[in-house]
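A short write-up of the structure that comes next.
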Amino acid sequence: MRILLVTAEVECAKCREAKAILARVAEQIEGVEIVSMRTSDPEAAVYGIVMSPTVIVENTIIASGRPPNEKKLVAFLQAQQA
C-alpha cells in the first residue's frame, strides 16, 4: 500500500512530525511504502495540494495541513488490508 507524504520545500515541524509518524506506521503495517515529495512536484499538483504536510493513501487525502493521527491511520490501513 502506497502512502504519499507531501511536504513543503523547506520542511516545517509539522512535516517532520508527519514523516516520523509515517515511519512508525510503516513498521507496524506490512506492505506499506512511504513516498515523499515536495509541494512543487508535478505529482503533488495532481491532488491540488495547498497545505503541507499532506498525507495521501491510495488516492485519498487522509490529512492536510497537519500530521495524521497515528492510531486512526493504523486503523484505516488495517481496514484497507482486510
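What follows is calculated from the coordinates using simple rules that are stated; it is not laboratory data. Remember, it's a predicted structure, so these values are computed and weren't measured experimentally. Reconstructed Cβ throughout: ideal geometry from the backbone, glycine too, with neighbour counts over all protein chains shown.
Quick notes on this one:
- Computed over the chain, the percent of Cα pairs more than 17 Å apart is 37.
- Dipole magnitude for the stretch 2-81: computed about the Cα centre from +1 point charges on Lys and Arg Cβ and -1 point charges on Asp and Glu Cβ, it is near 280 debye.
- Across the options VAL35, MET1, LEU22, the greatest Cα extent toward the positive end of the charge dipole of the chain (unit charges at beta carbon of Lys, Arg, Asp, Glu) belongs to LEU22.
- Helix axis angle, 70-81 relative to the chain longest principal axis, alpha carbon, degrees: 60
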